[in-house]
Structure formats: C-alpha cells, structure tokens
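> Got a structure for you, questions after.
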Amino acid sequence: MRYESDATGTVVAIWGDDRLTPIGSNWTLEGESVLAQVSRSGRPARMDGYDHLSGTIADLARRLGRNSAVAAPIIIDGRLWGAALASASDPLPDAVEGRIANFADLIATAISNAETRSELTASRARVVAAADETRRRLERDLHDGIQQRLVSLTLKARATERMTPEPAGELRSELALIAEELGGTLDELREISRGIHPAVLSEAGLGPALKALARRSALPIALDLNLDTRLEEPHEAAAYYAVSEALTNAAKHAQASAIEVHVGDSDGGLTLLIRDDGIGGADPSRGSGIIGLKDRVEALGGTISVVSPPGEGTSLHVRLPGRPNAAPRPEPSALGGRDVQSAP
Amino acid sequence: MVLADDDVLLREGLAGLVERSGFEVVGQGGTALELIALVREHKPDLAIIDIRMPPSHTSEGLDAARVIREELPETAILVLSAHVQVEQATDLLASGERSGYLLKSRVTDVDEFIETLQRIVKGGSVVDPALVHELVAARRVEDPLDVLSPREREVLSLMAEGRSNAGIAHQLWITEGTVEKHVHSILTKLRLPATEDDQRRVLAVITFLDAR
C-alpha cells in the first residue's frame, strides 16, 4: 500500500485474493489496523485478532476472515512511502515479521530506483531544454543586436566614404576597406549564429530546417521528408541535431559517397533513418556527438541506435515517441507495473 | 519610399543612403502596424521592410508585406532578413511581382543595393545571391542539374536571382542572343515552362531548385 497525503492508502500491488482490494483501490486509514499503525509510527506492526477493532480496514479483515496481520514500512530516502502487509486466517509465525521487513526493504530499493530513473530523465530534458534556450537567445542577440550594429556601422563608413572629397583619395579607399572588412565580419557572424542555432528551425520547423541542412551537406544527399505538422520544439531540435551529426560523421569519417535521410512523423512522434554507403565500423561510444544525441533522444523517451558493420556503411536510427511530454515509464517492477512515478 | 525597421540607427542610416542616391523617403516606422499605416497614407512606389520587428521579432515584416500586397499590389516590396530562408523568399515572390528578398547586410554594398532597388521598382523580382548559391550548390543524389553545362548553371543562378536576359548578358559579358539560347536550353532540360514574366520565371526556378 502507498500512503497518500490525505490519510488514506492505495493498493499498488497484491498477491492472493484481490476481489475486495483490487490494485488502485483506496482505503482510509482511520481506526485500528496494522497499516494504520505503520502509517503513524513508521515502524513494523503486528496484530492477531480483529474482533473488537473498529475502522474500514478492520471491517475488511473480518470480511476476509483474516485474523493475523504483519506490516512493515517501506521507507525511501528517510520518508515513509507505504507499507508491505501479509495477512492470514491463522496466526502468522514470528519469522514472518522479519521476512516482510526484508521484503519491504527490497520494494523500497526498487521504487527508489524507478523514481531516480524518472528524475534523471526529467533532469536530462531540463538540461537539454536550458541549453537550447541559451542557443536560441544567443542567436537572437547576434542577429538583432550585433548584426544590426555592424550594418549601421558599415552604412556610416560608406556614408563617410562618400562625403570624403576626391583629393583625399587615400582616405576614401581606407574607408572603403573598412566597410568591406565589416561586410566580411557580417558574413562570418551569420555563419556563427547559424552554427549556434538555426533560426529556420524555430521559425519554419523541421522540414525547412532539414532541407537547409541538406543543401549544405558535403556529400550528395537523398532527402525523403514525410512531415505533416510542426512537432514539439524539443522533438524538432533532437531530430535536427541527429541529422546534422550523421551528416557530419558521414562526411568526416565514413568515406561515404552518398547519404540518404528518411524522416517521417506520426501522432506527434518521429522516425529518422540516416544511412551512408561508407566504410562502416563506427564506434558510437567514442563519439561525443552521438552521446549528446543520446541525451537528447532519451530525455524525450526515445531510442537511438547506430548500426555500422565494417564495409557496409553506417546507419543511425532514431525514434521519438508520440506523446511529447511522455517520460519513459519505469520497468515493471515488484509492484506489478503500477505507476509509481506519482508517489508523493 | 517607406522604410520599416525597429532599429532606429539602422533605419536612419539606410534612409540617408537611399536619399543620397536620389530616392525620397516619405515615411519611417518601427513596427508592422506603423508601416502599413504609412503605406496607406503615402502609397509609395517602394517599401523596404525588416522581416523581424516587434512584438515577436520573427516574421512580422513578411505578414505586413502580405497585407500591402493585397491592398496596394502596385507597391514594390523589398524584405530584408538577418538570414535567408527559401520558404520566406517563395512566399514573398508568390504574392506578386516587384518583390525582393535580400540579406540585410546587402545594404552595405551601396551601388549594388541601389541598382537592386531600381530593378524592383521597375517591375523585377530579386532573390538574394547567397540563397541562390546555396540552392544551386546543394548536392543531390541523381541531381537533375547534372544535365546542365557549367555555363548553363551560371545562367540558371542569375535567373534565380531575378536577372533579366539583358542583365545576365551584361553580367557574363555575352550577347543577349546567347543568353536566350542558354535560357531556352535550361528550361527544356529542366522541363520548366517558358515565360516572359520575370517574377514567374524567378519563382519557377527557385521552386524547382528547392524541390529537387
């Protein structure tokens, strides 16, 4: 049973007769029972005989004909999460108390692992989102701030150049040189800000961003885009950077002559396949780019795999799930797969 | 002409530049709404519009251009952008003739920029050379552009930038008759429709390059 904040408990797993206490049923903890005792004391409790006790759980015990019960607290990180209970019609042997306490410890570990895992996923997603937001802001600052200033400055240099009288020819050509240098700086700035964050991705979406990326690919590319709608921003970013990384790797390391990119969406989810015809044999664990992508993709509950047999090219396969905010659910545990993420 | 950019310094600089080159600036604004009001009031020959303006700093300028196109289709429109996007260019070109889509930094190349303004006002359509270069240079598996000769590629790029046959002839130091032959050959090889209309030709070429 998981203890709730409103002095009730919810059955999250059961072995045995569950007709009266199905998973998900909620019980008030008023009255006397081992579960109520554990919730108050945080310590193991034992009870033999419910005959004269009051409360819904005591009533239930009587209806089920259970006369003996042992419960032990499930404690996670020092807080009382719930209790494990064993009950029987005959008095339970003394050894059961120790066993149920051990079992409660095991459950505590399993729940703790599941919680840690989902917290990790959420925090990965936050780290990625924060980094992306910083990139977007930088790009905006570069375009709307520095670029505007530089254009203004260049215009000023051009105007001054035109105002300079003919006899001062050297001055004029110096001013023209300054304006040209500034023009070059503007080009560089545009390249840098594109590298920081492709504005086309947030403005026009994944399709146009991938087309722009493909146009700059060093290798000939076959782009197969099947996108119907805009996706959630983190999904679009993950897909964009996955293709970007794959194109870079294919051009740098794979000795490939061509690359194909397939992108398709369905129900807000996304499938990506990027395949080159290079030498294969890539070790994804050694590329920092792929590790960064793994963080992005797994933070969205997706999967990423690299298949690269020697001599047969490299393919990168990414799947992102449909529900944008869905974190991966913990593995079915001793709790029978019941959702434990919503634990208080 | 009317100028719209939320950066006052830049706007003033640009106004000074075009006025020294013989254009008359009848109004300046910092938002799409101000721009539309100015265009309604003055009915200028040309509007130069920064694509990113308040409130959201995304594509307000393009939205304003659409409104102007509907109300006063004779107005030439030049949209300036911090970076080039093919979708924005085709959007604007599809809205009508006398359209220009350029990188903002192009204003610093004064002679070229003034010449561009004149082309747009006279009815031409203009697409930024950087965008065209990106579209033409893109490498494709089974590239339809492979059937073109290097010279034809050059001509195709200039067509995509919005140059007329005379303009291309001038740029490449060849006769207009030769340009016409190249153009005919390119259109046949790429199965593009022949058209006398500048804007349609630019739009067709850009759309083809983007879709290949």
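The values are calculated or read from the model by the stated rules, or taken from the named source; none is laboratory data. Not measured: the values here are computed from a predicted model. Positions of Cβ are generated from backbone atoms using ideal geometry, with glycine treated the same way; all protein chains shown enter the neighbour counts. Keep in mind that these areas ignore ligands, DNA and RNA; they rest on the heavy atoms of the full protein, side chains included. Shrake-Rupley method; radii C 1.70, N 1.55, O 1.52, S 1.80 Å.
> Just need log10 I(q)/I(0) for the range A:145-200 at q = 0.14, 0.18, 0.29 Å⁻¹, Debye formula, equal scatterers on the alpha-carbon atoms, no solvent, rounded to two decimals.
The calculated log intensity ratios at q = 0.14, 0.18, 0.29 Å⁻¹ are -0.45, -0.62, -1.07.
> Ignoring ligands, DNA and RNA and using a 1.4 Å probe, state the total buried accessible area between A and B in Å², rounded to the nearest 100. Let's see the in-between values first.
Details: alone 19090 and 10460 Å², together 26570 Å².
Looking at A and B, the buried total is near 3000 Å².
> Would you tell me the mean number of C-beta atoms belonging to other protein chains that fall within 10 Å of each C-beta in A:191-200, as a whole number?
Numbers: counts 1, 0, 2, 1, 0, 0, 0, 2, 6, 6.
Partner-chain Cβ atoms within 10 Å, mean over residues of A:191-200: 2.
> For chain A, what relative contact order do you get, as a whole percent, if you take Cα pairs closer than 8 Å and at least 6 residues apart? All intermediate terms of the calculation are to be shown ahead of the outcome.
Values: 560 pairs, mean separation 44.2, N = 344.
It comes to 13 percent, rounded to a whole number.
> Relative contact order for the range B:1-113: what percent, with Cα pairs under 8 Å and sequence separation of 6 or more? Show your work: numbers first, answer last.
Details: 191 pairs, mean separation 24.8, N = 113.
Over the range B:1-113, the number comes to 22 percent.
> Of all the stretches in chain B, which is the longest one without any exposed loop site, taking GluC sites (Glu not before Pro) in a DSSP loop (any state but H, G, I, E, B) with at most 16 other Cβ atoms within 10 Å? Intermediate results must be reported in sequence, preceding the final value.
Working: sites that count: B:Glu24, B:Glu74, B:Glu142, B:Glu196.
My reading of the result: B:75-141 is the longest stretch.
> Shifting gears a bit: Could you state, as a whole-number percent, how many of the C-alpha pairs of the range B:1-145 are farther apart than 21 Å?
Numbers: 4027 of 10440 pairs.
So the portion of pairs separated by more than 21 Å is 39 percent.
> If I histogram all Cα-Cα distances within the range B:106-200 using bins 5 Å wide from 0, what percent of pairs lands in each bin?
Per 5 Å bin, starting at zero, the Cα-Cα P(r) for the range B:106-200 comes out as 2, 12, 22, 25, 21, 10, 6, 2 percent.
> Just counting partner chain Cβ atoms within 10 Å, what average do the residues of peptide A:250-261 show around their Cβ? All intermediate terms of the calculation are to be shown ahead of the outcome.
Numbers: counts 0, 0, 0, 0, 0, 0, 0, 1, 4, 2, 1, 0.
Average neighbour count from other chains, rounded to a whole number: 1.
> Here's another thing I want to ask about it. Could you go through the range B:34-40 in sequence order and give the Karplus-derived ³J(HN,Hα) for each residue, using 6.51 cos²θ - 1.76 cosθ + 1.60 with θ = phi - 60°, rounded to whole Hz, and x for Gly and Pro?
Values per residue, Gly and Pro as x: 4, 4, 4, 4, 5, 5, 4 Hz.
> With a 1.4 Å probe and every protein chain left in place, work out the accessible area per residue of chain B in Å², rounded to a whole number.
On the way: 8980 Å² over 212 residues.
In whole numbers, chain B has 42 Å² accessible per residue.
> Still on this structure: If you count only protein heavy atoms and use a 1.4 Å probe, how large is the accessible surface of B:Asp143, to the nearest 10 Å²?
20
> Also: Largest first and in whole Å, what are the equivalent-ellipsoid semi-axes of the range A:39-163 based on the Cα gyration tensor, each being the root of 5 times an eigenvalue? Please report the intermediate quantities before stating the final value.
Values: eigenvalues 996, 39, 17 Å².
Equivalent-ellipsoid dimensions as semi-axes: 71, 14, 9 Å.
> Counting other Cβ atoms within 10 Å, keep those with at most 12, restrict to DSSP loop, and tell me which trypsin sites (Lys or Arg not before Pro) in the range A:1-43 are left.
Working: sites: A:Arg2, A:Arg19, A:Arg40; in loops: A:Arg19.
Within the range A:1-43, the qualifying trypsin sites (Lys or Arg not before Pro) (loop, at most 12 other Cβ atoms within 10 Å) are A:Arg19.
> Probe of 1.4 angstrom, ligands and nucleic acids ignored: what's the accessible area per residue over chain A, in square angstrom?
Working: 17590 Å² over 344 residues.
That works out to 51 Å² per residue.
> From the Cα trace of chain A, what convex hull volume per residue do you get, rounded to a whole Å³?
Details: hull volume 69.4 nm³, N = 344.
Output value, Cα hull per residue: 202 Å³.
> What's the ranking of A:168-180, A:210-222 by average number of surrounding C-beta atoms within 10 Å, highest first? If you can, show how the numbers build up before the last one.
On the way: A:168-180: 14.2, A:210-222: 19.6.
Order by mean packing, descending: A:210-222, A:168-180.
> Tally up the carbon and sulfur contribution to the accessible surface of the protein assembly as shown as a whole percent, 1.4 Å probe, everything protein left in place.
Details: 13950 of 26570 Å².
For the protein assembly as shown, the apolar C and S fraction of the accessible surface comes to 53 percent.
> If you don't mind, there's one more thing I want to ask. Note every residue of the range B:69-99 with a reduction of at least 40 square angstrom in accessible area, all protein chains present versus the isolated chain, computed with a 1.4 Å probe, or write none.
Listed in order, they are B:Ala82, B:His83, B:Gln85, B:Glu87.
> Something else about it: I need the peptides B:183-190, B:122-129 ranked by packing, meaning the mean over residues of other C-beta atoms within 10 angstrom, with the highest value on top. Intermediate results must be reported in sequence, preceding the final value.
Numbers: B:183-190: 16.2, B:122-129: 20.6.
My ranking of the peptides, most packed first, is B:122-129, B:183-190.
> Taking a quarter of the surface of the convex hull around the Cα atoms of the range A:113-244, what do you get in nm²? Show your work: numbers first, answer last.
On the way: hull surface 47.8 nm².
Result: 11.9 nm².
> Express the relative contact order of chain B as a whole percentage, based on alpha carbon pairs under 8 Å and six or more residues apart in sequence.
Details: 328 pairs, mean separation 31.7, N = 212.
Relative contact order, chain B: 15 percent.
> Using the Karplus equation 6.51 cos²θ - 1.76 cosθ + 1.60 (θ = phi - 60°), what ³J(HN,Hα) coupling, rounded to whole Hz, does each residue of the range A:309-316 give in order, writing x for Gly and Pro?
With coefficients 6.51, -1.76 and 1.60, one gets x, x, x, 10, x, 10, 10, 10 Hz.
> If you count, for every residue in A:138-148, the Cβ atoms of partner chains within 10 Å of its Cβ, what is the mean?
Working: counts 0, 2, 4, 0, 1, 6, 6, 1, 0, 7, 10.
For this peptide, the per-residue mean of nearby foreign Cβ atoms is 3.
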